[in-house]
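Working notes, structure below.
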Amino acid sequence: MIDLKSHAVFVTGSTQGVGRAIAVACAQAGAKIVLHGLVADDAAKQSLEACRELGAEPKLITGDLSGSIESGVDAVFKQAIAANPNIDILINNAGIYIDQPFLEMDYTTFDKTMKLNVYAYYFLTQRFAQYWVSRNIAGRVLLIGSINGRLAEQIHTAYDTSKGAVEMMVRTLCVSLAPYKIRVNGLSPGLFYTPLTAPALDQPEVMQWMRLHTPNGEVPGPEVCGEAAVYLVSDAARHVTGQMLLVDGGMSAWQQPDAPAS
């Protein structure tokens, strides 16, 4: 089993879905955990409890990363370090997903998407990298992208654009931070069954379509992302940097899914 007992992990957007699954997986691997959410609501409490059930003593900070980037990032960074000065793993996960056709896209929606999905990732990573370099810490960064960074959808142009940017961010930050012994990788989830996707996936015809378009035929929960994330930030991946791992059941590899049997 991969061991993160000597590490402290900060996961943004970790009160639900993929973020919670990653935080819980890191807690199970023995890491000290700092959770983050917009507010300390019931979902945040559930994430705290899920980590505690594994013997961890997680801490929670709150903060908005979708507004003023400079002040928002600064506030979240300072809270995280105050919660645990030994954080050496940053997992940028907090994001936003808004449906809006391209011809109807407005500046406010596009700007909000880019601020949270791109700018916050970039500048929060910068703050932690500056902190680590000043203390000679070999930090690790994981950026959560999406299969939408590779495969476009018609009404998700802002989201798709932001996740495409995350893919290049992984590579360019890898090159920029490698001289400081800081590793940067990315993880791109495919479609998972979460509270956000449940309304669509609970429709039998939608679930059937998704299984058809996924080579392994599975639509799992987000826990599979947690397991992959733990690997990427662990010593087992010490020679892995600048890579984007797609956890999608093979969906991104399949150019033309087979037609359903009649």
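The values are calculated or read from the model by the stated rules, or taken from the named source; none is laboratory data. Treat the numbers as computed from the prediction; the structure is a model and nothing was measured. When we count neighbours, we look across all protein chains shown, and the Cβ atoms used for this are built from the backbone with ideal geometry, even at glycine.
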Condition met for Thr172 (among the β-branched types (Val, Ile, Thr) and in contact (Cβ under 8 Å) with a residue 24 or more places away in the chain): no
Can you name every residue in segment 41-56 that is closer than 15 Å to Ala94 by Cβ and either crowded, with 24+ Cβ neighbours inside 10 Å or hydrophobic (A, V, I, L, M, F, W, C) (or both)? Ala43, Ala44, Ser47
Residues (in a loop (DSSP other than H, G, I, E, B) and either modelled with pLDDT of 95 or more or at positive phi (or both)) located in segment 163-209: Lys181, Ile182
Sole miss for Leu151 among (1) modelled with pLDDT of 95 or more; (2) more than 24 Å from Ile69 (Cβ to Cβ); (3) in contact with a helix residue (DSSP H, G or I) (Cβ under 7 Å, 6 or more places away or on another chain) is condition (1)
How many residues does segment 66-111 hold that are surrounded by 20 or more Cβ atoms within 10 Å (Cβ to Cβ) and over 20 Å from His156 (Cβ atoms)? 10
Within segment 147-162, track down each residue that is outside any helix (DSSP H, G or I) and under 15 Å from Gly95 (Cα atoms). His156
If you check every pair at least six apart or on different chains, which have Cβ atoms under 6 Å apart with a residue in segment 212-238 that is under 20 Å from Val170 (Cβ atoms) first and a residue that is part of a helix (DSSP H, G or I) and of a type in the set (Ser, Thr, Tyr) second? Ala237/Tyr231
Among the residues of segment 82-137 satisfying the criterion of being part of a helix (DSSP H, G or I) and charged (D, E, K, R), which is farthest from Leu60 (Cα to Cα)? Glu104
